[in-house]
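J.: Pasting a structure below so you can have a look.
No lab work stands behind these numbers, since they all come straight from the coordinates. Bear in mind that the values here come from a model prediction, so they are computed numbers and not experimental data. In this analysis, Cβ positions are derived from the backbone assuming ideal geometry, glycine residues included, and neighbour counts consider all displayed protein chains.
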Amino acid sequence: MDIETYSLILSALLFAIGTVGVMLRRNVIIMFMCIELMLNAVNLTLVVFSRSLGIEAQVFVFFVIAVAAAEAAVGLAIIISIFRHYELVDVDRFNLLKW
Amino acid sequence: MIVDFFFVLFAVMAIGGAAGMVLARNPVASVMYLVMAFFALSGVFVLLDAHFIAAVNLIVYAGAILVLFLFVIMLLNLGRTEKTDLRGPLYRMLAIVSGGAFFGLLLVMLRGGHVTSMAGGMGQETMDAMLRARGAVGVVADPMFRSYLVPFEITALLLLVAVVGAIVLARQKAP
Amino acid sequence: MVNFLESFLRVAQHADGGYQPILPGLILLFPLVGFVINGLGAFLWRDSKRVPSLVGPLAIIGSFAVVLANFLAMHAAMPHDPAIVSLWTWMAVGDLSIGVDLQFDQLSVLMLLVVTGVSSVIHVYSIGYMREDPGYSRYFSYLNLFVFFMSVLVMGANFAIVFVGWEGVGLCSYLLIGFWYENREFASAGKKAFIVNRIGDFGFLVAMLLVFTHFGTLNFVEVFAAAPETLVFGGGVVTLITLLLFLGATGKSAQIPLYVWLPDAMAGPTPVSALIHAATMVTAGVYLVARAGVLFAMAPVSQATVAAIGAGTALFAATIAMQQYDIKKVLAYSTVSQLGYMFLAVGVGAFTAGMFHLITHAFFKALLFLGSGAVIHAMHHALHQVHRHDDPNDMRNYGGLKNVLPITWGTMWIGTVAIAGIFPFAGFFSKDEIIWSAGSYGYTVLWVVSILTALLTAGYMTRLMVLTFHGENRSGADVRPHLREVPAVMWVPLAILAVLSVVGGWIQIPESLPALPAVDALHHWLEPVMEPARQVMTEHGLHQAHESPLGGGEAVWAIMSTGLALIVVMLTFRALVHRRYRPASESETPTGFAGILYNKWYVDELYDRLIILPLLALWRGCWRIVDVGLIDGTLNAMASGTRMVGWVGSLFQTGRVAGYMFWFVTGVVLILALLLL
């Protein structure tokens with residue numbers, strides 16, 4: 001097997017670890033970081049495919065990074081403003097929208 | 001041979017970093033594990049001849065976004081770790097089972113062949129020739145500023161909105 | 001606009017023989033303007049009596065003047081065909097085109113003359129009667145509106161326009177019966193009249209639709225011209241149409257079985273009873289039957305039904321009138337009875353005789369009602385001044401009033417002998433013609449019934465007069481000094497109507513009566529309108545005989561009936577004038593047969609048991625089972641079902657992101673598994 005296939009397996013594994021992390025942790029910042037990991041796992045997949053399907057795939061990696069940056073900025077701002085209110089980052093306690 | 005060696009090294013680092021991030025009790029440690037995973041991923045990018053992406057990944061992800069995370073953790077003073085925020089055994093089991101099933105299905109998909117067949121096409125020679133001809137930045141810049149100029153500009157707008165939104169959200173309200 | 005004004009004011013189509021309707025629109029416009037002004041006045045100048053006193057009667061007198069001009073013009077020209085004035089097209093839908101058309105022929109102009117003439121007199125009378133009422137302006141606006149709708153009813157050239165007038169007068173009747181709406185009983189009397197009338201209106205409406213489906217038009221001229229060819233003589237369709245029309249007539253004209261509203265309608269002001277519930281509106285049914293005479297002539301079954309119900313109502317109502325103590329109730333049942341006579345006449349095919357009695361009845365019954373109004377007015381004032389709350393309508397509280405109300409007494413006696421059918425007053429001629437028609441067309445039973453009713457009429461009217469004006473006064477020593485004759489504005493109308501009650505019958509004097517000039521004015525006048533119906537009847541072998549069922553010609557029976565009526569009047573007078581009545585508060589309710597009559601044969605109670613209570617039970621059942629059980633139940637079940645589903649769904653809304661993530665991943669896994677495995 002070549003490096004591309006191994007890279008895809010690595011990507012799948014990182015993505016799965018990211019999903020498991022989102023499910024396991026209560027700390028909203030760490031859940032957020034898990035999502036970043038999943039995004040980067042996708043980036044790896046895109047880079048692998050750029051070798052065969054054309055270099056344009058790397059442009060999408062670039063967009064993913066840009067969107068991730070924006071998401072991180074807004075998401076962290078939301079976390080800060082929630083933290084100001086509750087003094088905690090436990091996602092289970094953010095339940096105002098429940099029912 | 002040397003490529004295989006580095007790939008194994010980076011893969012182990014990435015998986016270890018990811019697992020450490022998920023399992024570390026201290027959020028600061030989590031960030032550090034993630035930084036390690038991203039460094040390793042950048043290494044994999046280099047092995048896959050995506051030099052520019054590797055650099056951007058390091059600078060933007062590891063350098064900027066993760067520093068932002070670290071910054072927020074310290075701002076909110078979440079560094080102390082009296083008890084873990086991992087969920088209970090039922091959730092752990094459910095999470096590992098569903099995550100494992102997910103990974104297993106992705107492997108099944110890879111083994112099916114049509115994904116890997118797409119992966120192998122272009123060949124090392126073509127890639128090398130392209131890099132030699134245009135340079136690491138040039139190969140990405142060409143489609144980005146020709147075919148994808150408008151999405152690129154929209155990305156800029158997105159970042160602007162995100163910046164404004166972040167300021168509005170995080171601003172201390174006047175008492 | 002110019003076109004409209006032209007047709008409104010002057011132009012007529014189908015004009016024939018030189019007659020053109022003169023200012024036809026004004027007949028309607030005057031009362032309508034009066035209604036608007038008085039209606040505004042009810043809001044704007046509540047306390048002013050001057051504007052309504054002027055506008056109300058003048059609007060009607062103006063209308064009367066125009067009608068009179070038309071009558072004279074028509075009299076001079078004697079056109080054979082009706083003149084149609086088309087104002088505008090009301091609706092044009094597919095094959096149906098209904099125009100706002102007015103029909104001017106001998107029948108409608110004659111009826112208009114009666115309506116506007118009697119209305120004028122009663123409007124003037126109302127100035128005195130309603131003077132102290134706080135709703136003075138409102139009263140005149142309703143009364144004007146009534147005359148407007150009545151004119152629409154009379155002049156309508158198609159079924160639809162007549163129906164508009166028909167409903168309009170029903171509305172005004174409702175408004176005026178419930179005029180003193182603060183009184184719950186009066187208000188529900190208005191409702192009763194309206195609802196009972198609706199039952200009849202249903203018949204009218206269905207008849208109208210049937211006419212349209214069979215003729216393709218609603219215009220009288222076309223329908224009546226086409227009827228003999230289009231429909232089979234005595235066939236099911238024409239019988240059904242006429243029976244339904246007659247159902248409408250029984251509602252409006254208070255015949256069995258729908259007469260029950262009229263006695264209760266006496267809750268309204270007395271001039272209203274005189275105008276609407278005696279002289280004009282209630283005769284609309286007779287007018288309708290006369291108008292649709294061709295159709296009725298083609299349906300012998302309907303004719304017989306009309307005649308039988310008319311005769312039955314006449315006798316039935318007359319018996320009830322014998323034992324009523326409320327002066328207005330006596331007159332109300334008398335009206336029902338006299339309307340029965342008119343239906344008897346049109347039922348046996350003597351349409352002109354029916355119209356004749358309609359006219360004379362309008363005079364003497366309006367007179368009697370206005371006279372009773374004068375008595376009530378005087379009693380009310382006297383009672384009011386000594387602050388007593390006795391019933392000013394109860395004849396047991398009257399007695400001996402001829403000394404204080406001499407003009408009323410005199411005029412009401414004229415009305416009484418007129419209605420009793422005593423020569424030479426108006427009722428003699430019209431009633432004689434009806435009785436004679438019933439006999440000579442071969443309806444023996446109805447003929448006997450009508451003679452019997454005539455005697456009862458003489459009896460109850462004499463009883464009314466004796467109780468009211470003769471004997472000794474029972475109103476009480478404190479009330480007596482306050483009793484006064486009514487003002488001139490009220491007794492002058494009485495006098496006018498009294499004169500009409502005397503001479504009104506002289507327009508039609510049968511030639512068989514000895515020593516009298518034969519006058520055939522009415523028959524001659526109505527001949528162009530009634531001719532088609534008479535032709536149909538003659539073609540199918542309905543002929544007037546020259547002898548009554550018991551032998552003897554018209555003159556014999558006329559003299560015999562007037563003699564009998566005179567004897568009844570004198571005997572009743574003799575019998576009752578010395579009887580000692582006691583005031584209402586001291587009298588016990590009558591028992592035995594008199595009690596049954598006093599309670600009006602318990603018809604209201606019977607209707608209550610047989611119709612209203614079962615209906616109420618049925619609707620209550622519908623409400624409980626269908627509405628609450630079925631409809632509400634279904635909706636509630638749907639709502640609670642939705643809520644259940646939502647509740648189950650909300651179980652997934654735990655608020656735990658990890659839970660969402662788990663379900664999300666599970667979903668992805670399932671989809672992947674479906675795709676790959």
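J.: Can you list the lysines whose alpha carbon sits under 23 Å from that of C:Lys402, skipping same-chain ones fewer than 8 residues off?
T.: Partners within reach: C:Lys328, C:Lys329, C:Lys365.
J.: Where does helix A:3-24 land angle-wise versus the long Cα axis of chain A, in degrees 0 to 90, nearest 10?
T.: So the helix axis and the longest Cα principal axis differ by about 10 degrees.
J.: Over chain C, what is the relative contact order in percent, taking alpha-carbon pairs closer than 8 angstrom and at least six residues apart?
T.: Numbers: 1120 pairs, mean separation 76.4, N = 677.
Relative contact order, chain C: 11 percent.
J.: Please give the Cα centre distance for segment B:1-55 versus segment C:41-96, rounded to the nearest Å.
T.: That distance is 103 Å.
J.: While we're looking at this one, here's another question. Taking chain A as the reference, fit the longest principal axis to its C-alpha atoms, fit the long axis of helix A:56-86 to the helix C-alpha atoms, and give the angle between the two in degrees, 0 to 90, nearest 10.
T.: Between helix and principal axis, roughly 10 degrees.
J.: Hey, what do the phi angles of segment C:124-138 turn into as Karplus ³J(HN,Hα) couplings, whole Hz, using 6.51/-1.76/1.60 and θ = phi - 60°, x for Gly and Pro?
T.: 4, 4, 4, 4, x, 5, 9, 3, 9, 7, x, x, 3, 5, 4
J.: Tell me, what is a quarter of the convex hull surface for the C-alpha atoms of segment B:65-113, in nm² with one decimal? Walk me through the intermediate numbers first.
T.: Details: hull surface 22.8 nm².
Approximately 5.7 nm², given one-decimal rounding.
J.: In addition: Bin all alpha-carbon pair distances of segment C:343-429 at 5 Å intervals from 0 and give each bin's fraction as a whole percent.
T.: Histogramming segment C:343-429 at 5 Å steps yields 3, 14, 19, 18, 14, 11, 8, 7, 4, 2, 1 percent.
J.: Using Cβ contacts closer than 10 Å as the measure, can you line up B:Lys173, C:Lys49, C:Lys192, C:Lys365 from fewest to most? Walk me through the numbers on the way to the answer.
T.: Numbers: B:Lys173 6, C:Lys49 17, C:Lys192 20, C:Lys365 29.
Result, fewest neighbours first: B:Lys173, C:Lys49, C:Lys192, C:Lys365.
J.: Hey, fewest Cβ within 10 Å first, where do C:Glu527, C:Glu167 land in order? Mind showing how you got there, number by number?
T.: Details: C:Glu527 15, C:Glu167 18.
Arranged by neighbour count, lowest to highest, C:Glu527, C:Glu167 become C:Glu527, C:Glu167.
J.: Now for a separate question. Per 10 Å bin from zero, what fraction in whole % of the C-alpha pairs of segment B:1-117 is there, up to the bin with the longest pair?
T.: Bin by bin from 0 Å, the calculated values are 13, 29, 36, 19, 3.
J.: Something else now. What ³J(HN,Hα) values, in whole Hz, does the Karplus curve 6.51 cos²θ - 1.76 cosθ + 1.60 give for segment C:627-634 when θ = phi - 60°, with x put for Gly and Pro?
T.: 6, 5, x, 7, 6, 4, x, 4
J.: Using the Kyte-Doolittle scale, find the helices of chain B whose mean hydropathy is at least -1.0 and whose Cα atoms extend 27 Å or more along the helix's long axis, counting only whole DSSP H runs.
T.: Working: long enough: B:2-23 (31 Å, 2.31); B:27-47 (30 Å, 2.15); B:89-111 (32 Å, 1.51); B:149-170 (32 Å, 2.57).
Long hydrophobic helices here: B:2-23, B:27-47, B:89-111, B:149-170.
J.: While we're on this one: Calculate how large, on average over all directions, the projected area of the Cα convex hull of segment C:512-552 is; give the answer in nm² to one decimal. Numbers along the way, then the final one.
T.: Values: hull surface 16.3 nm².
The number I arrive at for segment C:512-552 is 4.1 nm².
J.: Taking the 0 to 90 degree range and rounding to the nearest ten, how far is the long axis of helix C:351-385 tilted relative to the main principal axis of chain C, both from C-alpha atoms?
T.: That works out to roughly 90 degrees.
J.: Now, a different point. In which sequence would C:Trp180, C:Trp409 go, from the one with the fewest C-beta neighbours within 10 Å to the one with the most? The partial results should precede the final answer.
T.: Numbers: C:Trp180 16, C:Trp409 20.
So the residues, fewest neighbours to most, are C:Trp180, C:Trp409.
J.: For segment C:497-573, what log10 I(q)/I(0) values come out of the Debye formula at q = 0.14, 0.16 1/Å, with one point per alpha carbon and no solvent?
T.: The Cα Debye sum returns log10 ratios of -0.72, -0.90.
J.: Oh, and also: Share of Cα-Cα pairs in segment C:392-431 beyond 17 Å, in percent?
T.: Working: 343 of 780 pairs.
Counting every Cα pair in segment C:392-431, those more than 17 Å apart make up 44 percent.
J.: So if I restrict to the alpha-carbon atoms in segment C:291-418, what is the Rg, and what is Dmax, the biggest pairwise distance, in Å?
T.: Rg then Dmax for segment C:291-418, in Å: 18.2, 61.
J.: Shifting gears a bit: Averaging the inverse of every distinct alpha carbon separation and then flipping it gives the Kirkwood radius. What is it for segment C:239-290, in angstrom units?
T.: Every distinct Cα pair counted, the radius reaches 11.3 Å.
J.: Radius of gyration and Dmax for segment C:109-154's Cα atoms, expressed in Å?
T.: Rg, Dmax (Cα atoms, Å): 11.5, 36.
J.: Roughly how many whole Å is it from the C-alpha centroid of segment C:596-610 to that of segment B:68-98?
T.: Segment C:596-610 and segment B:68-98 have Cα centres separated by 90 Å.
J.: Cα gyration tensor of segment C:94-190, axes a ≥ b ≥ c as square roots of the eigenvalues: rounded (a/c below 1.5), prolate (a/b > b/c) or oblate? Can you show the working numbers first?
T.: Details: a/c = 3.24, a/b = 1.63, b/c = 1.98.
Oblate, since a/c reaches 1.5 and b/c is not below a/b.
J.: For segment A:3-93, what does the convex hull of the Cα positions come to per residue, in cubic angstrom? All intermediate terms of the calculation are to be shown ahead of the outcome.
T.: Numbers: hull volume 6.2 nm³, N = 91.
Cα convex hull per residue, to the nearest whole number: 68 Å³.
J.: Rounded to a whole number of µm²/s, how large is the Stokes-Einstein D of segment C:422-564 at 10 °C and 1.306 mPa s, given Rh as the Kirkwood radius over C-alpha pairs? Display every interim value, and only then the final one.
T.: Values: Rh = 18.3 Å.
Taking Rh from Cα pairs, D becomes 87 µm²/s.
J.: Along each principal axis of its Cα atoms, how long is chain C end to end? Whole angstroms, biggest number first, please.
T.: Sorted from largest, the Cα extents of chain C read 123, 67, 53 Å.
J.: Hey, how many Å between the Cα centroid of segment C:378-407 and the Cα centroid of segment C:427-464?
T.: 33
J.: Can you bin every Cα-Cα distance in segment C:551-672 into 5 Å intervals starting at zero and give me the percent of pairs per bin, rounded to whole numbers?
T.: Cα pair-distance distribution for segment C:551-672, in percent: 2, 7, 5, 7, 7, 6, 6, 6, 6, 5, 4, 4, 4, 4, 4, 3, 3, 3, 3, 2, 2, 4, 2.
J.: What is the projected area of the convex hull of the Cα atoms of the protein assembly as shown, averaged over all directions, in nm²? Don't skip to the answer; put the middle values down first.
T.: Numbers: hull surface 258.1 nm².
Dividing the Cα hull surface by four gives the mean projection, 64.5 nm².
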